[in-house]
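Novice: Quick one: the structure is below, questions incoming.
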Amino acid sequence: MDNRRILSRKVLAFTLFASLCSVVLMLYLFSESFPEALYQFFAAPLANTYFFGNFLSGTIPLMVAGLGVAFAFSSRNFNLGGEGQLYAGAFASTIVELWASESGIGASGAQLLSFAAAMAAGGLLGGFS
C-alpha cells in the first residue's frame, strides 16, 4: 500500500474519532442528563424500526447531497448547491406526483414523470452555479 492511502486512512480515522469526541463533549456540556443524552443520540435511533426509519429518512437525503458534492469535488469543480438541488428536485417530484394522482396517470408513468421532473429541477438549479 502506498503512503498516500495509509495517510488517507489515518486522516479518516482521526476525523471520525474527533467528530465522536466533539459530539460527546457537546452532549456533556449542554445536556441536563448526560447518560440520557448519550442514549438518545447513539442508541435510540436503532431501538426499533420506527425510529430507524425516521433516522434513515432524515439522513439519506444528506448522504445523497454529500455524494453529489464529493463527485463535483473529485472532478475539480466547486458546487455548494447540492443540498438545494436535492430539495428542489424533491419539491418538483412532489408537485408532479400530486398532479399525476389527480389526473389518473398510472403508477409507473407517474413515477417516471416525477423522476424526470426531479432531474430537471435539480439540473436547472445546478446550471445556475
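Novice: Given the criterion within 30 Å of residue 25 (Cβ to Cβ) and of a type in the set (Gly, Ala, Ser), identify the matching residue among 72, 92, 65.
Specialist: After applying the criteria, what remains is 65.
Novice: Ok, one more. Can you give me the number of residues within region 95-111 that are over 23 Å from residue 65 (Cβ atoms) and in a helix (DSSP H, G or I)?
Specialist: Initially, region 95-111 is screened for residues over 23 Å from residue 65 (Cβ atoms), giving 98-110.
From what is left, the residues that are in a helix (DSSP H, G or I) are 98-103, 107-110.
The total comes to 10.
Novice: Follow-up. Could you grab me the full set of residues in region 42-55 that are surrounded by 11 or more Cβ atoms within 10 Å (Cβ to Cβ) and not in a loop (DSSP other than H, G, I, E, B)?
Specialist: Residues satisfying the conditions are 42, 44, 45, 51, 52, 53, 54, 55.
Novice: Name every residue in region 91-108 that is surrounded by 15 or more Cβ atoms within 10 Å (Cβ to Cβ) and either modelled with pLDDT of 85 or more or under 26 Å from residue 59 (Cα atoms) (or both), in order of residue number.
Specialist: Within region 91-108, 92, 93, 96, 97, 100 meet the criteria.
Novice: State the number of residues belonging to region 109-118 that are exposed (fewer than 14 other Cβ atoms within 10 Å of the Cβ) and closer than 18 Å to residue 81 by Cα.
Specialist: Residues meeting the conditions: 0.
Novice: If you don't mind, there's one more thing I want to ask. Of everything in region 56-90 that's at pLDDT 90 or above and in contact with a Gly (Cβ under 8 Å, 6 or more places away or on another chain), which residue is surrounded by the fewest Cβ atoms within 10 Å (Cβ to Cβ)?
Specialist: 88
Novice: Can I ask one more? With respect to residue 118, determine if the residue is within 30 Å of residue 19 (Cα to Cα) and either without any contact (Cβ under 8 Å) to a residue 60 or more places away in the chain or not hydrophobic (A, V, I, L, M, F, W, C) (or both).
Specialist: No: the conditions fail for residue 118.
Novice: Against the condition under 28 Å from residue 129 (Cβ atoms) and loosely packed, with under 14 Cβ neighbours inside 10 Å, how does residue 19 come out, does it pass?
Specialist: yes
Novice: Could you tell me which residue of region 1-39 is modelled with the lowest pLDDT, considering only residues that are among the hydroxyl-bearing types (Ser, Thr, Tyr) and in a helix (DSSP H, G or I)?
Specialist: 8
Novice: How do the pairs read when you match residues in region 33-58 that are farther than 21 Å from residue 21 by Cβ with residues anywhere that are among the aliphatic types (A, V, I, L, M) and surrounded by 14 or more Cβ atoms within 10 Å (Cβ to Cβ), using Cβ under 7 Å and keeping only pairs 6 or more apart or on different chains?
Specialist: 51/44
Novice: Closer than 30 Å to residue 122 by Cα and not basic (Lys, Arg): which single residue out of 34, 52, 42, 14 fits that description?
Specialist: Details: 34 fails: closer than 30 Å to residue 122 by Cα; 42 fails: closer than 30 Å to residue 122 by Cα; 14 fails: closer than 30 Å to residue 122 by Cα.
Checking each option against the conditions leaves just 52.
Novice: Does residue 56 fit the bill of being in the same structural domain as residue 88 (by TED's automatic domain parsing) and under 29 Å from residue 85 (Cα atoms)?
Specialist: Yes, satisfied.
Novice: Please pick out the residue among 52, 42 that is at pLDDT below 95 and farther than 26 Å from residue 90 by Cα.
Specialist: The unique qualifying residue is 42.
The values are calculated or read from the model by the stated rules, or taken from the named source; none is laboratory data. Everything numeric here is computed off the predicted structure, so don't read it as measured data. In this analysis, Cβ positions are derived from the backbone assuming ideal geometry, glycine residues included, and neighbour counts consider all displayed protein chains.
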